Amino acid sequence: MKYPGALRSGTFRSFLFNSLLALVLHQAQGQETFRCTVSGFIKEAGSGESMIGVNVYLPDRKAGTVSNNFGFYSLTLEAADSLTVNFSYVGFSVDKRKIPFRKDIELNIELYPDKVLNEVTVTADRKEMISESVKMSTVSLKASQIKNVPALLGEKDVLKVLQLMPGVQKGSEGFAGIYVRGGGPDQNLIILDDAIVYNANHLFGFFSLFNGNALKNVELIKGGFPARYGGRLSSVLEMNMKEGNREEWHGEGGIGLISSTLQ
């Protein structure tokens, strides 16, 4: 036999249990954390080219990322009412966006070039010391240096000038031969505009064949010269002559006791 009072008591307990369970589930859902994703492509305005390595920074979250090789970026974070995103790249204006962040968002960005500064050129006249150079055994001469050295009988001789350089010895007094690393004058490789000169003296060896006024630069390598200069033991003397000018006429001359020049 069933009693109405017992039935009403069981129904009340069931209702109370279901209410408490619904309240607990509602609180659990309220405490659950939702995560959303913001992603997109970053391109250059105008050209539409994908931009690689663009900084994507969230100042409120202290987090960020960079765009990949395709200009794509993606960030997954806890959902919020709003989210501030800064896009920056060197040479482009910073793009700041504030977006709602309650669901996944696709945000494509175009960056515009910033103001470009004028080019700044810095020059200096520092002279490199021979001791600091990689080619310590190299002596370079310019045409102006050859002209400033006092000449014998008014004859500007490049070999006589090289005899005054460190590491170079002269033979008999007045002769133009040079002795480097203990070798004789015939053991020096002499090159004039990529052509090998085998006999570089005239007038019984007192003067060389080279006109100092026609030379542009002179380089003497006393040791450690490259393998392409094979064929001699002591040194390599490489000389280059001045190039002609088809636009203007230039002339230069000199008068000496032995010879005179006009060019």
Q: Run THR121 past the list (1) modelled with pLDDT of 80 or more; (2) surrounded by 11 or more Cβ atoms within 10 Å (Cβ to Cβ) and report the number of the one that doesn't hold.
A: (2)
Q: For residues that are among the aromatic types (Phe, Trp, Tyr) and either over 37 Å from the mean Cα position of the chain (by Cα) or in a strand (DSSP E or B) (or both), scanning just segment 197-256, find the one that is modelled with the highest pLDDT.
A: TYR198
Q: Could you grab the pairs with beta carbons closer than 7 Å, sequence gap of 6+ or different chains, first residue in segment 35-57 and open to solvent by 30 Å² or more (accessible area, probe 1.4 Å), second one among the hydrophobic types (A, V, I, L, M, F, W, C) and assigned to a loop (DSSP other than H, G, I, E, B)?
A: ARG35/ALA79; LYS43/MET51; GLU44/MET51; SER50/PHE70
Q.
If the requirement is being part of a loop (DSSP other than H, G, I, E, B), open to solvent by less than 70 Å² (accessible area, probe 1.4 Å) and modelled with pLDDT under 80, which of these qualifies: GLY174, GLY183?
A. GLY174
Q) Right, ILE99: open to solvent by less than 30 Å² (accessible area, probe 1.4 Å), of a type outside the set (S, T, N, Q), more than 30 Å from SER50 (Cβ to Cβ) and modelled with pLDDT of 80 or more or not? A) no
Q.
Here is a check on your reading of the model: is TYR89 in contact with a Ser or Thr (Cβ under 8 Å, 6 or more places away or on another chain), open to solvent by 80 Å² or more (accessible area, probe 1.4 Å) and under 29 Å from LEU117 (Cα atoms)?
A. no
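The values are calculated or read from the model by the stated rules, or taken from the named source; none is laboratory data. Quick caveat, the model's predicted, so the values are computed rather than measured. Heads up, the Cβs are rebuilt from the backbone with ideal geometry, glycines too, and the neighbour counts pull from every protein chain shown. The accessibility values were calculated without ligands, DNA or RNA, using every heavy atom of the protein model including side chains. Shrake-Rupley method; radii C 1.70, N 1.55, O 1.52, S 1.80 Å.
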